[in-house]
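Below is one structure, written out as structure tokens; the observations come after it.
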Amino acid sequence: MTLHVVYAIGTGHVVGALAHTGADAPADVAALVGRALPLRVALSDGSIATLPLSAGKLGVAAVDDEPGALADALAFGVELTSEDKPKPELVRLAEWDDDVALAKDGITIKVQVPANRITPVVALISDEQDTHVLTGEIPAQQAQVKLPVTLTAGSEHGVLVLAAGWSGHLGTEKVT
């Protein structure tokens, strides 16, 4: 059996995994996911929020067997070699308390321990028919960033947060 993963290029997060036998999986991520990989989360009103990750921001890699990646893909990451090629072994990402807060004027993402380097961050927020795609970074020696977005007070949204080095967050959040 061979394990292939789809990962976010900017942060290294595994966002999907495929274990298969026989022929190799396509090396082109669009052949696997189409134009975008939709991640879905149920909202409290029974509707489903879809958070599409553009195929252009994703990569695919054949990796060593890691059963945990099939059950909890966002807990793993792909590291690149100095030639920007994916390493075959997945990295278990640091767990965090999913400290994500939505406000009318933005999303605040807080990790538990400041890094010695800049931490790239990607956040997707569902908003009825649209998805806000936000990028930013947590500065070195700091533990949080606020990314600007305009939201309605009291509304509920599907949220995907990918902060490099930390396990991904996929869930629902209410605007306070």
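In table form, for the structure just shown:
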| read-out | value |
| --- | --- |
| Lysines with Cα under 24 Å of K146, excluding same-chain neighbours fewer than 8 positions away | K57, K104, K110, K174 |
| Accessible-area value, L32, 1.4 Å probe, nucleic acids and ligands omitted, Å² | 60 |
| Leading residue at positive end of dipole, the chain (Cβ point charges), from G56, V5, V41 | G56 |
| Whole-number D in µm² s⁻¹ for the stretch 115-176, Kirkwood Cα-pair radius fed into Stokes-Einstein, 25 °C, 0.890 mPa s | 197 |
| Accessible area of the stretch 94-136 divided out per residue, in Å², using a probe of 1.4 angstrom | 57 |
| For E137, residues with placed amide H under 5 Å, excluding near neighbours | V121 |
| Taking the chain and dividing mean pair separation by its residue count, relative contact order in percent (alpha carbons under 8 Å, at least six apart) | 22 |
| Carbon plus sulfur fraction of accessible area for the stretch 24-72, probe 1.4 Å, in percent | 51 |
| Residue-span extension gain [V113 to K146] - 0.36 nm each, minus C-alpha spacing | 10.3 nm |
| Inter-label distance, nm, simple model (7 Å from Cα along the C-beta direction), E95/L18 | 3.0 |
| Carbon/sulfur fraction of accessible area - the stretch 107-176, other protein chains in place, 1.4 Å, % | 49 |
| Per residue solvent-accessible surface (Å²) - the stretch 2-93, probe of 1.4 Å | 53 |
| Candidate aspartates and glutamates for bridging to K85, where Cα separation is under 20 Å - those fewer than 8 sequence places away on the same chain excluded | D24, D28, D64, D65, E66 |
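The values are calculated or read from the model by the stated rules, or taken from the named source; none is laboratory data. Predicted model only: the values in this text are computed from it and were never measured. Reconstructed Cβ throughout: ideal geometry from the backbone, glycine too, with neighbour counts over all protein chains shown. Only protein heavy atoms, including side chains, enter the accessible area calculation; ligands, DNA and RNA are left aside. Shrake-Rupley method; radii C 1.70, N 1.55, O 1.52, S 1.80 Å.
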